[in-house]
Amino acid sequence: MDVETALFGGAFDPPHLGHVALAAEAKRSFGLDRLVVLVSERPGHKEVHLSPQVRLELARAAFPDEDVRLDPYPRTVELLRAEPFDDPLFLLGADEFRDFLSWAEPEVVLELARLGVATRPGYPAEMLEPVLAALSRPERVVFFELAPHPAASRDLRARAAAGAPLDGLVPPAVAELIGRRRLYAEA
């Protein structure tokens, strides 16, 4: 697959090793030249606990070698219409892909970007088949396998609030920032 740019968006509240692994495996699987990590300023689908600027700082600590920037658009389709990306590969997990048909204008998203969907070993393909079958251009969706990772942002916020260590769940630079600044102490 010939891909110049991949986009990896999220709330990153906080970024964890699962996010880092997905980005690294996508770069390896697709031989990516460029990865843009997009920190959603105002996620349209979930509540966030930290300001966009703090989440951006955490994402830059998690992805020090990548282009990390704020995404001011609440919907993916708005980002893809506004930014000059040339047929990028938009990365997401299989669980997010299951909800793809509920996204704003999913067919337009698929016109403007290919989707790179990370699946875990043993993930039931039958859960994704109805989404693929409903798309007019399913060939624009490619799958790659990712080893499971135990981190979930919700659990990490609870651990940080309790003062529990985050070792092995977030990159060390992210753990250091969370601990030093007492982020999520009110979570």
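Only the coordinates and a few stated rules stand behind these numbers; no lab work does. On a predicted model such as this, the values are computed, not experimentally measured, just so you know. Don't worry about glycine lacking a Cβ; one is built from the backbone with ideal geometry, like all the others, and counts go over all protein chains shown.
Averaging the Cα positions of each part gives two centres, and for region 153-187 and region 53-74 these lie 17 Å apart. Rounded to the nearest 10 degrees, the angle from helix 17-30 to the longest Cα principal axis of the chain is 30 degrees.
All Cα-Cα separations within region 63-165 were binned at 10 Å from zero, giving a P(r) of 12, 37, 34, 15, 2, each value a whole percent of the pairs. For residue 67, the residues 5 or more places off, or on other chains, whose built amide H falls under 5 Å of its own are 35, 37. Compared with the dominant principal axis of the Cα atoms in the chain, helix 52-62 is inclined by about 90°. Tell me, what is the Rg over Rh of the chain, with Rh the Kirkwood radius over Cα pairs? Value, to two decimals: 0.96. In the chain, the DSSP-assigned H stretches of four residues or longer account for a calculated mean residue ellipticity at 222 nm of -10000 deg cm²/dmol, using -39500 (n - 2.57) per stretch and the full residue count as denominator. The mean sequence distance of close C-alpha pairs (under 8 Å, at least 6 residues apart), as a share of the length of the chain, puts its relative contact order at 25 percent.
The angle between the Cα long axis of helix 172-181 and the main principal axis of the chain comes to about 50°, on a 0 to 90 degree scale.
Sorted fewest first by neighbouring Cβ atoms within 10 angstrom, 76, 119 come out as 119, 76.
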